[in-house]
Amino acid sequence: MPLVLAADAAQAQLKQPPPSAAPQSIWYAVRGPDNAFIVDMPGEPVYKLIDTASPGGTKFVYHSYSLDYRRLSFVAQTALYPADVDVRQPKLNLQSVLDDRAQRLAGGKWIRIDWREVSGAPAAESIGSIAGGSVLRQLVLLKGRRYVSLACLGPAEALRTPEVERFFKSLRLGA
């Protein structure tokens, strides 16, 4: 018992948190290609290029930044849609993205979709349940031909934590 008290007293003198305290994360300002966006993530993400093709067959690439942090998975993605993707009605384009992703949700549909603008760009924030009890929260937007998506996956109660709120609120679009 005296050793435990001595250790506690020493920690108090050093004004350090006890070993059980959660470590502080280091936030990174993640900058998309061509300064398409900046978003804050609670750690250094893994960057990947994902090759894909438009419905018309034109090849293009998604830039993806992903990070697992505590019980949460964070993802930021962007792509510059090729000329054969019709972006004249952005809400229809975004609805198509939402419909495609809904196929992977429990029940095949979103629990909630909120339409709004982010920095003058049409956007939708949505929440849906995933089989196994996790919840997906995402924000998708289209600014001209630039598509941007932020997503966070985790337990429902964790999707309103300060880290998740900071991630979604930190999005800044480039020119």
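Throughout, read-outs are computed from the coordinates displayed, never taken from laboratory work. Bear in mind that the values here come from a model prediction, so they are computed numbers and not experimental data. Heads up, the Cβs are rebuilt from the backbone with ideal geometry, glycines too, and the neighbour counts pull from every protein chain shown.
Spin-label point model (7 Å from Cα, Cβ direction): what's the Lys48 to Ser119 distance in nm?
Those two pseudo-labels are separated by 2.5 nm.
Let me know the charge dipole size of the range 25-175 about its Cα centre in debye, to the nearest 20, where only the beta-carbon of Lys, Arg (+1) and Asp, Glu (-1) is charged.
Using only the charged Cβ atoms, the result is roughly 160 debye.
Can you count the Lys pairs in the chain with C-alpha separation below 28 Å, eight or more apart or on different chains?
The number of close lysine pairs in the chain is 13.
Using only the alpha-carbon atoms of the chain, report the extent along each of the three principal axes, biggest first, to the nearest angstrom.
Largest first, the chain extends 73, 38, 28 Å along its Cα principal axes.
Considering amide H positions built from the backbone, and no H for Pro or chain starts, which residues 5 or more places from Tyr69, or on another chain, come under 5 Å of its amide H?
Phe74
Can you tell me the dipole magnitude for the range 39-104 around its Cα centre, using point charges on the Cβ only (Lys, Arg +1; Asp, Glu -1), in Debye to the nearest 20?
Dipole of the range 39-104, to the nearest 20 debye: 160 debye.
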